[in-house]
Amino acid sequence: MVDNSKTIFARPESMTENVTHYCPGCTHGIIHRLVAEALDDLGVRERTVGVAPVGCSVLAYNYFNCDFLEAPHGRAPALATGFKRLRPDMIVFTYQGDGDLASIGGNEILHTANRGEKITTIFVNNAIYGMTGGQMAPTTLPGQVTTTCPSGRNLTDTGYPLRVSELLSTLATPAYIERVSVHTPMHIIRAKKAIRRAFEYQIEGRCFSLVEVLSTCPTNWGMTPSESTKWLNDNMVPFFPLRLFKEPETTA
Amino acid sequence: MAKILMKGNEAIAEAAIKAGCRAYFCYPITPQTEVAEYLAKRMPEVDGVFLQGESEIGVGNMLFGAAATGQRAFSTSSSPGISLMQESISYMAGAQLPVVLVNIMRGGPGLGGILPAQSDYFQSVKGGGHGDYKLLVLAPSTIQESVDLMMLAFHLADKYRNPVLIIGDGMIGQMMEPVEFPENYKEPPLPDKPWALTGASGRKPQIVKSLFLDPLMLEKNSQILNEKYEQMKKDEIRFELYKVNPKNEILITSYGTMARICQTAIDDLEERGISVGLFRPVTLFPFPEQQLFKEATRKNIRAVLTIEMSMAQMHEDVQRVIMGKTPTEFFGRTGGVVPSPEEVIDQIVGLLDKYSGKKNTKRSSSKSKKA
């Protein structure tokens, strides 16, 4: 008998077989997979070092099948800078949440982008602190309820949510910056293209690259997974528009 | 190699190059900025990495990333900057990364001042950052010793997979003295670095981390660190004795350039028939506990006098070690004020009055009266 079966879906080599600790409906797992697929597609797994943040994805190194460094809260871009400067032949990426990158690590990401470090940042924005149990993040939407803004985010007291991709796009240093989402299969396909492109820019030694990925947090948003994807689409996408902000070719 | 006249900060920079270090991260702060200025020119000549970071927080973490490659890397700063690096230092100690740090100390607390001080002793030897960890701490007293200890520091960092800190007061950074760099510098064999992140090619992925959510694993990590510190206590204690002999009435303990000022005072007193010895710790951690106890508790020693450019920090270790077996006294100036030899002499004379029960004013110097 001829075996006509063929594999149409499998675990990327860049992912381990470990079961993730992420909550049901959380999109970290999808984003991990997209990064792993990009590393596989580009054939760079064996020369890649990831830098894990502090937050829900602090244990990312349990799920990626490549070398990893674990950074203090917010400092992943600084670690990535030090590593990449000594090993420009290696591929270095940071994987950071919005509390990590946009709040405590605001200075590190700003200056890493501005120096044009040849690294890739995967910025996962779910508008809340996940690991510590749902506190207000710099990206929390106006009126959004969290444990530290129980009446909803008050713009008079806390300002507006920080739009990181827009902010970093104002820098004169060439970069690739795109915001994507993973709340529908169509968005996942687009996100995969952006993540792959971000790594390509690094492999070519061209520029700093950052992909902001809008992500869900059903547990701390207090919603079901399907309510979460709808909430993301209806509330986050209007405030954090999905688009390409900058690429090195178009930088003035 | 012939001796050359160099400023301390520049000598420290060149010593790192001579020790094979090709990566330096910095943020400007007085009084150590000349290290950065020197290496901005020198690192490119040896195809090394020079990078000015956005803050000492950034710099400490760049060093963290650089050290994970397994290559030698270092940074220098001064007191307030070293405070900002404590986060990364704690992480690097926890993750067992070998790096070298230099603190050219200025007066504190807060923004303090920019003149020489030794007021970061506690921060250096008692932790500095959070968690159960120690740095191996070296304290040079001359520019030549700064060069020698700087080169040794890279070796010790690799030997123990632990951050090594050199602390010098502002004078160490700013003073010029003749120095000699070793020719054909060779180090004893060092262990391999299988922990370095080089890419998971032909091996399983490696992780450099300090997170251990399982309390038994975290305890184990602390035990592994502690075993290294115990080994340092056995093998790495360094100190120097100056004019220590059975005629000594007083034993001074002092480190860094303060110890050199004490030597001048000791020479002066000797001419007047007052015998004083000096015990100078070179490693502040590990502290030369048994050696100091032995010298401090000899029958001829009436009192031990700790002299520092701080408000009695190392003095707490001196008291801890001597355990009341010999009277301990302290003299210090701080805030950037450097005690003069005459002030030291006056302290000694005063102590002899106190502990011999008779006036020693005849033996005090005319110089000291002027001062």
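The values are calculated or read from the model by the stated rules, or taken from the named source; none is laboratory data. Here the structure is a predicted model, which is why all the values come from computation and not from measurement. Ideal geometry is used to build each Cβ from the backbone, glycine not excepted, and the neighbour counts take in all protein chains shown. Each accessible area value is taken on the protein alone, full model and side chains, heavy atoms only, with ligands, DNA and RNA left out. Shrake-Rupley method; radii C 1.70, N 1.55, O 1.52, S 1.80 Å.
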Residue satisfying all of: in the stretch A:68-77; within 7 Å of chain B (Cβ to nearest Cβ) and not in a loop (DSSP other than H, G, I, E, B); surrounded by the most Cβ atoms within 10 Å (Cβ to Cβ) among these
A:L69
Of the listed residues (A:S228, A:S209), the one being open to solvent by less than 10 Å² (accessible area, probe 1.4 Å) and over 16 Å from the mean Cα position of the chain (by Cα) is A:S228
Just to verify a result, which residue in the stretch B:1-32, among those that are part of a loop (DSSP other than H, G, I, E, B) and within 16 Å of B:G168 (Cα to Cα), is farthest from the other protein chains (Cβ to nearest Cβ)?
B:P31
Selection status of A:R87, facing chain B (nearest Cβ under 7 Å), open to solvent by 10 Å² or more (accessible area, probe 1.4 Å), of a type outside the set (A, V, I, L, M) and out of contact with any Pro (no Cβ under 6 Å at 6 or more places or on another chain)
yes
Taking A:T121 as the residue in question, decide whether it is assigned to a loop (DSSP other than H, G, I, E, B) and modelled with pLDDT of 95 or more.
no
If you take the residues of the stretch B:79-94 that are farther than 19 Å from A:A52 by Cβ and free of Cβ contacts under 8 Å to residues at least 60 places away in the same chain, which of them is farthest from the other protein chains (Cβ to nearest Cβ)?
B:S79
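Report, by residue number, each residue of the stretch A:46-62 that is farther than 17 Å from B:S88 by Cβ and more than 7 Å from chain B (Cβ to nearest Cβ).
Within the stretch A:46-62, A:G50, A:G55, A:C56, A:S57, A:L59, A:A60, A:N62 meet the criteria.
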Considering only residues that are on the phi < 0 side of the Ramachandran plot and over 14 Å from the mean Cα position of the chain (by Cα), which ones fall in the stretch A:106-127?
A:G106, A:N107, A:E108, A:L110, A:H111, A:T112, A:A113, A:N114, A:R115, A:E117, A:K118
If I go through the stretch B:348-369 residue by residue, how many of them are surrounded by fewer than 21 Cβ atoms within 10 Å (Cβ to Cβ), modelled with pLDDT of 60 or more and not in a loop (DSSP other than H, G, I, E, B)?
5
Within the stretch B:76-94, the residues that are out of contact with any Gly (no Cβ under 7 Å at 6 or more places or on another chain) and buried (at least 22 other Cβ atoms within 10 Å of the Cβ) are B:T76, B:S77, B:S78, B:G81, B:I82, B:Y91, B:M92, B:A93
With (1) of a type outside the set (V, I, T); (2) touching a strand residue (DSSP E or B) at 6+ places or on another chain (Cβ under 7 Å); (3) surrounded by 24 or more Cβ atoms within 10 Å (Cβ to Cβ) as the list, and B:A13 as the residue in question, which single condition is left unmet?
(2)
Selection within the stretch A:231-252 - hydroxyl-bearing (S, T, Y) and either open to solvent by 60 Å² or more (accessible area, probe 1.4 Å) or assigned to a helix (DSSP H, G or I) (or both):
A:T250
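Restricting attention to the stretch B:223-239, does a residue exist that is open to solvent by less than 50 Å² (accessible area, probe 1.4 Å) and not in a helix (DSSP H, G or I)? Break it down into steps so the answer makes sense when it comes.
Step one: filter the stretch B:223-239 for residues open to solvent by less than 50 Å² (accessible area, probe 1.4 Å), giving B:225, B:228-229, B:232, B:236-237.
Subsequent filtering for residues that are not in a helix (DSSP H, G or I) retains B:236-237.
The answer is yes, given that some residue of the stretch B:223-239 is open to solvent by less than 50 Å² (accessible area, probe 1.4 Å) and not in a helix (DSSP H, G or I).
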Are there helices (runs of 4 or more DSSP H) fully within the stretch B:33-97 with at least 3 residues that are polar (S, T, N, Q) and either more than 25 Å from B:Q223 (Cα to Cα) or in the same structural domain as B:M150 (by TED's automatic domain parsing) (or both)? List them.
B:79-94
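For every residue, the table says whether it meets (1) within 20 Å of the chain's Cα centre (by Cα); (2) in a loop (DSSP other than H, G, I, E, B); (3) of a type in the set (A, V, I, L, M, F, W, C).
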| position | (1), (2), (3) |
| --- | --- |
| B:T264 | no, no, no |
| B:I301 | no, yes, yes |
| B:E316 | yes, no, no |
| B:Q319 | yes, no, no |
Residues to consider are A:N65, A:N107; find the one that is within 8 Å of chain B (Cβ to nearest Cβ), over 21 Å from B:L97 (Cβ atoms) and surrounded by fewer than 22 Cβ atoms within 10 Å (Cβ to Cβ).
A:N107
